[in-house]
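Here is the structure we will look at.
The values are calculated or read from the model by the stated rules, or taken from the named source; none is laboratory data. The structure presented is a predicted model; accordingly, all values stated were derived computationally and were not measured. With ideal geometry, Cβ positions are generated from the backbone for all residues, glycine too; neighbour counts draw on all protein chains shown.
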Amino acid sequence: MVVDYECRDGVARIHLNRPERLNAVVPALTEGLLKALDQAVEARAIVLAGRGRAFCSGHDLKEPTPDETSLETRRRLEQIQDVTRRIRAFPGIVIAAVHGYALGAGCEFALACDLIVADEQAQFGFPEVEVGLSVTGGISALLPKIVGPAKAKELLVLGERISAGQAAATGLINRVVPAGEHEKVALELAARIAARPPVATSLAKQALDRGLDSTLEEALATEVDHAILTSVSGEYRHG
């Protein structure tokens with residue numbers, strides 16, 4: 001299995017499991033990740049991590065170039081984009097627990113998540129332009145909103161790797177933790193989230209995601225709709 005899945009106490013754990021290739025992306029890994037995300041229907045939070053020495057080193061450039069038509073290439077790339085779609089559509093919170101490398105598609109997987117916890121030795125980057133490729137995971141929309149247009153262009157065009165500390169300073173990730181503590185801290189956060197009211201948590205995620213592309217009036221309307229939903233959900237804790 002190139003992707004491992006388990007779920008306990010409302011927290012799903014998904015591990016990319018190609019450690020011999022630093023969890024580099026091949027179609028089987030993409031398919032396994034999508035299947036694992038689909039399995040997490042009962043989970044309230046997900047922790048996405050990688051086995052071995054890295055989170056995910058990006059596309060496996062040592063794999064032979066696929067002999068495929070343009071339509072087949074489109075379908076393969078859209079399947080990779082489905083990872084972003086699944087994570088963003090998941091009603092709970094998805095936390096990336098990053099160590100080693102999060103490069104290219106690996107960085108895209110991480111940034112699709114709601115929160116990112118990174119080992120202090122982790123490195124992030126987008127080497128696609130340098131090797132003559134293009135980003136595919138919705139990064140052209142997500143990255144400028146996270147770090148601003150100028151920094152996003154710098155990260156994509158120059159392709160320089162940045163440290164966990166630099167990533168935190170630019171707002172790319174949430175927390176930097178001591179080496180080897182990334183999964184432990186991510187699981188602790190996931191357990192806290194799983195214990196919170198699920199409707200309110202899901203609506204908070206939806207409101208913020210929608211708010212990125214909303215006018216102020218649209219955001220205000222969404223907030224009223226969500227306030228009504230939470231008022232009848234039975235989750236409100238008086239006192």
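Can you tell which of L220, L216, L212 is exposed (fewer than 14 other Cβ atoms within 10 Å of the Cβ), in contact with a helix residue (DSSP H, G or I) (Cβ under 6 Å, 6 or more places away or on another chain) and outside the structural domain of T84 (by TED's automatic domain parsing)? Matching residue, one of L220, L216, L212: L212.
The condition of being under 19 Å from I193 (Cβ atoms), in the same structural domain as L143 (by TED's automatic domain parsing) and of a type outside the set (S, T, Y) holds for A43.
Checked against the criterion of being among the acidic types (D, E), closer than 23 Å to Q166 by Cβ and in contact with a helix residue (DSSP H, G or I) (Cβ under 7 Å, 6 or more places away or on another chain), segment 74-97 contains not a single residue that satisfies it. For D119, indicate whether it is of a type in the set (D, E), at pLDDT 95 or above and farther than 19 Å from G171 by Cβ. So D119 does not fit the description; no.
Taking L172, is it hydrophobic (A, V, I, L, M, F, W, C) and closer than 21 Å to P91 by Cα? Taking the combined requirement at face value, the residue does not satisfy it. Identification of helices (runs of 4 or more DSSP H) wholly contained in segment 153-226 with 2 or more residues that are of a type in the set (S, T, N, Q) yields 198-211.
In segment 99-119, the count of residues that are surrounded by fewer than 17 Cβ atoms within 10 Å (Cβ to Cβ) and either of a type in the set (D, E) or in contact (Cβ under 8 Å) with a residue 40 or more places away in the chain (or both) is zero.
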